[in-house]
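First up is the structure itself, then whatever we jot down about it.
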Amino acid sequence: MRIRGGRYALLCVALCTACAAPDAETETGAAAAPDDAPAAAPAGPAAVVGQTLACVQQRPDMDRTASPYDSVVVPVGDGGAKICYSRPSARGRMVFDSLVPYGRLWRTGANEPTIFFTPVTLDLAGLKVPPGKYSLYSVPAAKEWEIIVNRSIKQWGEESNYTPEVRAQEVGRATVPSERLGKAVETFTIRSEPAGSGASLVLEWEKTRVKVPIRPG
């Protein structure tokens with residue numbers, strides 16, 4: 001199923017916080033609108049995401065030059081999700097099975113853990129994820145990755161902070177295949193890609209790509 005451009009744009013606008021001052025006001029203080037202005041779209045789950053979540057850095061004063069903070073919107077059904085994460089770069093280093101060892105926990109980014117927010121129930125690679133805010137970890141390997149959804153979001157991302165107490169708050173783990181890219185991706189990227197009735201959460205870095213399927217739950 002293809003997501004029409006207009007619908008995708010409306011969802012992205014709803015999920016990303018933005019505001020603009022009105023050009024004119026009426027005597028009651030409300031902004032004046034042209035007679036032929038289209039009616040405002042009703043608020044839905046996607047709008048709730050934008051109203052509820054802003055990507056908040058745990059240490060806002062730290063230097064983010066090496067791994068800038070970013071976010072991505074994931075349209076799913078009539079709602080959506082938002083990912084907040086830091087983007088490290090390879091900078092000439094071998095990444096997987098070196099900088100990021102195979103078979104070991106990874107924060108799926110840099111600095112604080114990657115955060116996943118949804119206002120609706122989703123199916124993430126077979127895991128039922130209720131509405132809420134979660135941290136997203138992974139365990140990379142050569143042919144498949146383990147994706148971890150955890151309710152704990154306040155710990156710093158360094159993997160040594162994934163204590164037994166944090167692990168006890170896991171929603172679950174799912175396994176997804178990885179694929180080899182022909183051209184290297186310099187900076188770790190998370191993006192959304194339409195897939196049937198849902199979307200794929202696409203993780204790319206160096207010459208590795210992982211697609212995490214997300215569907216309405």
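A short reminder: the numbers here are calculations on the coordinates, not readings from a lab. For clarity, every value in this text was computed on a predicted model and none was experimentally measured. All Cβ positions, even for glycine, are placed from backbone atoms using ideal geometry, and neighbour counts span all protein chains on display.
So here's what we get for this one:
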quantity	calculated
Summed residue charge, Cβ within 10 Å of residue 216's Cβ, Lys/Arg positive, Asp/Glu negative	-1
Amide H contacts of residue 155 (H built 1.01 Å from N, under 5 Å, at least 5 apart or other chain)	none
Counted charge near residue 69, where neighbours are those whose Cβ lies closer than 15 Å (Asp, Glu -1; Lys, Arg +1)	+1
Computed label-point distance, nm, for sites residue 144 and residue 71 using a 7 Å Cα→Cβ extension	3.4
Net charge of neighbours whose Cβ lies under 11 Å from the Cβ of residue 179, counting Lys and Arg as +1 and Asp and Glu as -1	+3
Net length gained if the chain between residue 159 and residue 78 were fully extended (0.36 nm per residue, minus Cα distance)	25.7 nm
